[in-house]
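My structure is below; once you've seen it, I'll send some questions.
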Amino acid sequence: MTSMQAQRRPDKEKLRWMYSQMVLIRTFEERVQQDYMSGKLVGAIHVYVGEEAVAVGVCGQLRKDDYVTSTHRGHGHCIAKGLDLRRMMAELYGKVDGQCRGKGGSMHLCDLERGMLGANGIVSAGLPLACGAALSANLRHTDQVAVAFLGDGASNAGAFHESLNLAAVLKLPVVFVLENNGYADATHIRYAARVTNLADRAAGYGIPGVTVDGMDVLAVHEAAGEAVARARSMRTPTLLECKTYRYYGHYVGDAGQYRSKEEVEAYRQKDCISQLEQRLLQEGILSEGTRREYREQATEAVEDAVRFAQNSPIPGPEVGLEDVYVRY
Amino acid sequence: MANLSIRDALNQAMTEEMARDPMVFLMGEEVGAYNGAYKVSKGMLAQFGPQRVYDTPITEGGFAGLGIGAAMTGLRPIIEMMTFNFALQAIDQIVNNAAKMHLMSGGQFCIPIVFRGPNGAAHMLAAQHSQSFESFYAQVPGLKVVTYSDAKDAKGLLKTAIRDDDPVIFLESEMTYGQQGDVPDGEYTIPLGVGEVKRPGTDVTIIAWSKLVGQLALPAAEELAKMGIQAEVVDPRTIKPLDEELIFDSVRKTNRVVIVEENFKFCGVGSEISERIYNRCFDDLDAPVERVTSHDVPMPYAHSLESAVLPNVGRVIEAVKKVLYV
């Protein structure tokens with residue numbers, strides 16, 4: 001069996017990992033949503049509920065030393081890349097034990113040790129960074145790859161087009177994972193673009209473009225495996241479009257009145273976690289008992305993270321003046 | 001000592017640093033096969049090969065961001081902007097990612113990157129190719145801003161900028177790439193935040209940097225000397241960090257100050273320097289600080305109009321006379 005075929009058939013352990021990660025992201029995000037609505041959390045927060053299959057399917061194909069750039073909706077990518085839940089939550093709470101000492105917040109979560117080069121508050125601004133990380137791997141003669149997550153809105157920004165072209169021209173091992181959730185803020189992609197599949201844009205740069213069902217973690221995992229393998233072994237970039245949906249508004253607090261309840265409900269019927277759960281139960285990879293166990297573990301991990309965040313000290317005013325320069 | 005053009009001094013700085021550190025690479029438009037739009041990178045592709053010297057498409061935002069991503073993952077990029085006017089295409093990456101990443105990440109990531117290229121007016125290039133950007137970048141916490149006025153400083157400061165762990169905006173001038181000057185033999189660097197008195201004097205302090213030291217401040221000082229006025233020309237070299245003690249020492253000696261810059265007057269670098277002088281040397285001043293700047297207009301094209309907008313020797317001499325009440 002070739003390594004590529006192996007990646008297409010996740011083993012039982014990998015399947016259980018995917019399930020547990022998706023449940024963990026969902027639990028984390030539902031708690032963040034709840035804490036924001038009750039006033040415990042403030043700031044600009046964009047939750048990932050509904051899109052879990054994309055982060056998990058893609059990061060399931062990555063190594064710890066591979067690079068990821070993320071978006072304003074980045075919690076799912078961070079969790080799937082292995083960031084510590086406690087330090088993530090403490091960052092959202094603006095505490096000193098946060099991943100960024102309380103100075104980045106939700107939109108700038110990052111972790112040098114895990115190759116997470118940061119969520120990014122500017123739509124499309126992470127793509128060139130991923131190209132740079134990929135060039136870095138090339139220059140240092142490692143076989144690391146870089147993944148740039150982006151939304152459908154970013155696919156209309158200049159940095160998207162510049163990055164795809166640079167990656168093609170400079171032979172950079174990047175996978176651009178386009179999470180097409182249908183809406184950029186409140187604007188539907190049908191209004192904002194004239195192509196049905198945004199992956200078609202890859203052809204304009206001479207690189208492979210692939211569209212998959214982003215609600216199906218196995219489809220995402222398989223396509224990501226091929227794209228990552230192409231990047232790792234052939235230094236060829238790919239644009240991978242995952243059609244997905246966010247169950248909540250653009251940001252926590254957005255009522256989402258630009259879409260119908262029926263539309264949201266239709267996507268919830270295709271929920272990525274339920275799909276995988278049913279399949280794993282049928283195949284005997286999950287039992288009722290282990291299913292409950294995973295969910296309880298996720299709840300406990302998130303509770304623990306919240307307790308840690310709440311007990312962490314708030315940063316003193318001097319902290320805000322540090323880390324402007326390495327040396328000045 | 002060797003007599004070198006600024007072009008060759010910059011080339012030596014990059015070449016020496018790339019030979020010294022395999023993590024340093026050069027990227028930009030026409031830097032490789034064409035040897036640089038102004039030939040600053042001449043011979044570097046041949047010496048280091050395409051894995052260290054990258055030609056890019058015309059895509060400033062893309063390759064600026066690419067450089068930042070490379071810097072986040074262990075490299076030391078030198079990103080050449082064909083002119084800093086084009087770096088406006090990359091301003092989101094420079095300001096929102098390069099300058100802020102260290103703080104946003106709580107100190108996890110450092111961005112050891114140099115953005116370098118010509119800044120300011122050349123000759124009749126019109127509004128979109130003639131702007132000076134020192135004050136623009138100096139306003140952004142997280143960036144360092146470096147200029148030079150001669151070949152020695154060009155080489156020593158660029159080497160330091162490449163070794164620096166923070167993002168550095170390194171501002172050059174296409175008008176002075178051919179300017180010759182003595183450069184020390186062998187290895188040397190010049191620290192950031194340390195200016196230099198380019199001409200000692202006792203009667204008035206003229207603060208200038210970049211090409212205006214050689215083009216305006218020193219020629220004006222020569223003219224003033226003929227009138228019996230001894231001007232001290234102070235070049236801070238780096239705008240950020242700023243060697244304010246060197247400036248204060250000179251002001252305490254001369255008690256009169258003229259600040260010369262090519263930036264627009266409104267919120268220019270001279271606004272900041274004069275505020276610091278008023279704050280720290282108020283009792284030493286015998287006259288209000290005078291500023292000579294470009295006028296606050298987009299640069300018009302015609303030679304006569306461009307000359308009228310830019311600062312010149314005559315305006316520097318007038319300002320000196322004003323602070324001396326002569």
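The values are calculated or read from the model by the stated rules, or taken from the named source; none is laboratory data. Because the structure is a prediction, the values reported are computed rather than measured. Cβ atoms come from the backbone with ideal geometry, glycine included; neighbour counts cover every protein chain shown. Note: areas computed on protein heavy atoms with side chains; ligands, DNA, RNA excluded. Shrake-Rupley method; radii C 1.70, N 1.55, O 1.52, S 1.80 Å.
Give me the pairs, please: first residue somewhere in region B:98-124 and not assigned by TED's automatic domain parsing to the domain that holds residue B:138, second residue anywhere and modelled with pLDDT of 95 or more, beta-carbon distance under 7 Å, and either six or more positions apart or on two chains.
none
I would also like to ask the following. Taking region A:100-114 only, how many residues are assigned to a loop (DSSP other than H, G, I, E, B) and more than 7 Å from every other protein chain (Cβ to nearest Cβ)?
3
Moving on to the next point. Counting only residues that are in contact (Cβ under 8 Å) with a residue 60 or more places away in the chain and open to solvent by 40 Å² or more (accessible area, probe 1.4 Å), how many does region B:164-191 have?
Number satisfying all stated conditions: 6.
Return the residues of region A:143-169 that are more than 10 Å from chain B (Cβ to nearest Cβ) and under 21 Å from residue B:23 (Cβ atoms); say none if nothing qualifies.
Result: A:143, A:145.
Which of the numbered conditions does residue A:207 fail, given that it passes all the others? Conditions: (1) closer than 26 Å to residue A:60 by Cβ; (2) open to solvent by 50 Å² or more (accessible area, probe 1.4 Å).
(2)
Within the set of pairs 6+ apart or on separate chains, which have a first residue in region A:296-324 that is exposed (fewer than 13 other Cβ atoms within 10 Å of the Cβ), a second that is at pLDDT 95 or above and among the small types (Gly, Ala, Ser), and C-beta atoms under 8 Å apart?
The qualifying pairs are A:314/A:94; A:314/A:102.
In region B:87-101, how many residues are at the interface with chain A (Cβ under 9 Å from one of its Cβ atoms) and open to solvent by 20 Å² or more (accessible area, probe 1.4 Å)?
Adding up the residues that qualify gives 4.
Any idea which residue in region A:122-135 is most open to solvent (accessible area, probe 1.4 Å), counting only those that are facing chain B (nearest Cβ under 8 Å) and without any contact (Cβ under 8 Å) to a residue 60 or more places away in the chain?
A:122
Looking at B:146, B:194, which is the one that is within 14 Å of chain A (Cβ to nearest Cβ), of a type outside the set (Gly, Ala, Ser), in contact with a strand residue (DSSP E or B) (Cβ under 8 Å, 6 or more places away or on another chain) and closer than 27 Å to residue B:25 by Cβ?
The unique qualifying residue is B:146.
While we're on this one: Which count do you get for residues in region A:241-274 that are part of a helix (DSSP H, G or I) and crowded, with 18+ Cβ neighbours inside 10 Å?
The total comes to 3.
Anything in region A:13-56 that is open to solvent by 10 Å² or more (accessible area, probe 1.4 Å) and at positive phi? List them, or say none.
The answer is A:39, A:43.
Sticking with this structure for a sec: Is it fair to say residue A:224 is open to solvent by 10 Å² or more (accessible area, probe 1.4 Å), touching a residue at least 40 places away in the same chain (Cβ under 8 Å) and among the hydrophobic types (A, V, I, L, M, F, W, C)?
no
Output the residues belonging to region A:151-203 that are among the aromatic types (Phe, Trp, Tyr) and surrounded by 20 or more Cβ atoms within 10 Å (Cβ to Cβ).
Correct list: A:160, A:176, A:183.
Condition check ((1) more than 25 Å from residue A:188 (Cα to Cα); (2) at pLDDT below 95) across all residues:
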| site | (1), (2) |
| --- | --- |
| A:257 | no, yes |
| A:268 | no, no |
| A:275 | yes, no |
| A:296 | yes, no |
| A:299 | yes, no |
| A:322 | yes, no |
